[in-house]
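Trainee: Encoded as structure tokens, here's the structure I'll be asking about.
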Amino acid sequence: MIMEFLITLKRLFTQKSLAYNPTMLAIETSCLCNNSCFFCWRSQKPQELKALIKKYASSPKLSFDVYKKIIDDAIQYKSLTWLALCACMGEPMMHEKLEDMCEYAYKKNHFKKISINTNGLAIDKHDISRLLNSIQDFSISVDSIDPETYGKIHGNSEFLPKVIENIKKCVEYKKQHGAVSTITVRFTENEHNIGQYPEFKKFFTELGVDNINYTKVHSFAGVKAELVDKKKAAFCWHPYRAINFTFSGDLTTCCLNYMMSPVFGNIKNSTIKELWMNDGMKKWLKDRLKNPPCNNCDGLSKQSQQEGLVYEK
């Protein structure tokens, strides 16, 4: 324990910096998903999804060795204190080594927040005690407690009882044993669930979750074209403050970039600093509002979400 403390202390005093001082490290764990949400690119872009599944049929999940390389490199940089093990390609719970990934990062004593956003369907496939004690922000997207509405949003109404049961198990575990995780349920308002938030809030408040997150549906890099807002995209912080790796180890632009293009190299034969500060990245940032995905998006800036964002205890 003393040796680990000394190693951590030494690292804190020798940490490096990166251009733009990025605060978030987003790592996609898989391109697989067990839902079919209507607003997601996976539902709206079937040909692109088919091509993706075919291309990565033999390697649809992030290698644990590649993951460790990213984490080991990332802890050198003092500003990278938020780790998100999720993005837009797939469902993080589809990776069988998710517990190992969370614990590996947690034990580095570097990240102030490790977060995950899941649809909750496969929580029971994992060790809840390990997950809840290595993830500070455990977020589950539910969006409705009405089966018919839930089915319209997530693709299958029969999933809802299992999702709710999985959430109950997490809440019960935390009540009995304690946990580092804050358990949050998410309600993303869209054309199917308008007016349902009060009932949703009452249900999960009584169930005993820690937080309820309400926001509005946004443009998925052009998937919902009617929501594209170039002015809001211009304020998006992700290209400058978030380092995003795909499940294959490529550094790309942001967590909405389902096209996974452009990429600026792969962590397998580079370092984070080499990828984040290379000429390709600099050139893309200079012209990003003229090119995909930024030219067809409403961004993830505070400005783009503040109208609908409410975060409640």
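Trainee: In debye, nearest 20: dipole of the chain around its Cα centre with unit charges on the Cβ of K, R (+) and D, E (-)? Don't skip to the answer; put the middle values down first.
Mentor: Values: 43 positive and 34 negative charges, 229 e Å.
That gives a dipole near 1100 debye.
Trainee: Express the carbon and sulfur contribution to the solvent-accessible surface of region 69-202 as a percent, rounded to the nearest whole number, probe 1.4 angstrom.
Mentor: Numbers: 2570 of 5370 Å².
For region 69-202, the apolar C and S fraction of the accessible surface comes to 48 percent.
Trainee: Same structure again: Sequence neighbours fewer than 8 away in the same chain don't count; with that in mind, list the aspartates and glutamates whose C-alpha is under 17 Å from LYS230.
Mentor: Within reach: ASP287, ASP298, GLU307.
Trainee: Divide by every residue of the chain the summed helix terms, -39500 (n - 2.57) for each DSSP H run of at least 4, and state the resulting mean residue ellipticity at 222 nm, rounded to the nearest 500 deg cm²/dmol. Before the final figure, lay out the partial values.
Mentor: Working: 14 runs with 116 residues, N = 313.
About -10000 deg cm²/dmol.
Trainee: Across 5 Å bins from 0, what is the distribution of all Cα-Cα pair distances for region 95-207, in whole percents?
Mentor: Reading upward from the zero bin: 2, 11, 22, 22, 18, 12, 8, 3, 1.
Trainee: Considering the chain, which cysteines have no disulfide-compatible partner, defined as another cysteine with its Cβ under 4.7 Å away?
Mentor: Isolated Cys, the chain: CYS31, CYS33, CYS86, CYS88, CYS102, CYS170, CYS236, CYS254, CYS255, CYS294, CYS297.
Trainee: A follow-up question, please. Determine the relative contact order of the chain: mean sequence separation of Cα pairs under 8 Å and six or more apart, normalised by residue count, in whole percent. Kindly include the intermediate steps, with their values, before the conclusion.
Mentor: Working: 564 pairs, mean separation 64.9, N = 313.
Relative contact order of the chain: 21 percent.
Trainee: Are any of the pairs LYS107/LYS273; LYS68/LYS174; LYS152/LYS216; LYS16/LYS107; LYS68/LYS268 more than 18 Å apart by Cα-Cα distance, and if so, which?
Mentor: Working: LYS107/LYS273 23 Å; LYS68/LYS174 28 Å; LYS152/LYS216 16 Å; LYS16/LYS107 20 Å; LYS68/LYS268 11 Å.
As for pairs spanning more than 18 Å Cα to Cα, those are LYS107/LYS273; LYS68/LYS174; LYS16/LYS107.
Trainee: Right, something else. Can you tell me which aspartates and glutamates have their Cα less than 17 Å from the Cα of LYS61? Leave out same-chain residues fewer than eight positions away.
Mentor: Cross-link targets: GLU28, GLU91, GLU96, GLU99, ASP100, ASP250.
Trainee: From zero outward in steps of 5 Å, how is the percent of C-alpha pairs of region 143-237 spread across the bins?
Mentor: 3, 11, 19, 19, 17, 12, 11, 6, 2, 0
Trainee: What number comes out for accessible area per residue over region 18-175 if the probe is 1.4 Å? Units Å², please.
Mentor: Working: 6440 Å² over 158 residues.
Here the per-residue accessible area is 41 Å².
Trainee: Can you compute the FRET efficiency between SER43 and ILE194 using 1/(1 + (r/R0)^6), with r the Cβ-Cβ distance and R0 = 25 Å? Round to the nearest 0.05. Provide the component values of the computation, followed by the final result.
Mentor: Numbers: r = 19 Å, r/R0 = 0.78.
Approximately 0.80, to the nearest 0.05.
Trainee: Here's a follow-up. How much space per residue, in cubic angstrom, does the convex hull of the C-alpha atoms of the chain take up?
Mentor: Details: hull volume 42.2 nm³, N = 313.
Given the Cα convex hull of the chain, per-residue volume reads 135 Å³.
Trainee: Would you mind listing how long region 44-125 runs along its three principal axes, going by Cα atoms, in whole Å with the largest first?
Mentor: Cα spread of region 44-125 along its principal axes, largest to smallest: 41, 27, 22 Å.
Trainee: Taking the simple approach of a point 7 Å from Cα along Cα-to-Cβ for both PHE235 and GLU165, what is their distance in nm?
Mentor: For PHE235 paired with GLU165, the spin-label model returns 4.4 nm.
Trainee: Ok, one more. Distance between the C-alpha centers of region 10-85 and region 179-217? Whole Å please.
Mentor: So the two Cα centres are separated by 25 Å.
Trainee: Pull out the extension gain between LYS202 and GLU96, defined as 0.36 nm times the separation in residues minus the alpha carbon to alpha carbon distance; nm, one decimal.
Mentor: On the way: separation 106, 0.36 × 106 = 38.16 nm, distance 3.33 nm.
Working it through step by step, the gained length comes to 34.8 nm.
Trainee: Given bins 5 angstrom wide, list per bin the percent of all Cα-Cα distances in region 236-283, short to long.
Mentor: 5, 24, 37, 26, 8, 0
Trainee: Hey, what does the equivalent ellipsoid look like for region 10-73, semi-axes from the Cα gyration tensor as sqrt of 5 times each eigenvalue, largest first, whole Å?
Mentor: Details: eigenvalues 220, 49, 19 Å².
One finds semi-axes of 33, 16, 10 Å for region 10-73.
Trainee: Residues of region 60-80 with amide nitrogen under 17 Å from the 7 Å Cα-to-Cβ point of LYS273?
Mentor: In region 60-80, the label zone of LYS273 (backbone N under 17 Å from the point 7 Å along Cα→Cβ) covers 70-80.
Trainee: Taking the Cα-to-Cβ direction at SER157 and at SER63 and moving 7 Å from each Cα, how far apart do the two end points lie in nm?
Mentor: 4.5 nm
The values are calculated or read from the model by the stated rules, or taken from the named source; none is laboratory data. Quantities reported herein were computed from a predicted structural model and do not represent experimental measurements. Neighbour counts are summed over all protein chains in view; Cβ atoms, including those assigned to glycine, are modelled from backbone coordinates with ideal geometry. Heavy atoms of the whole protein, side chains included, go into the accessibility calculation; ligands, DNA and RNA do not. Shrake-Rupley method; radii C 1.70, N 1.55, O 1.52, S 1.80 Å.
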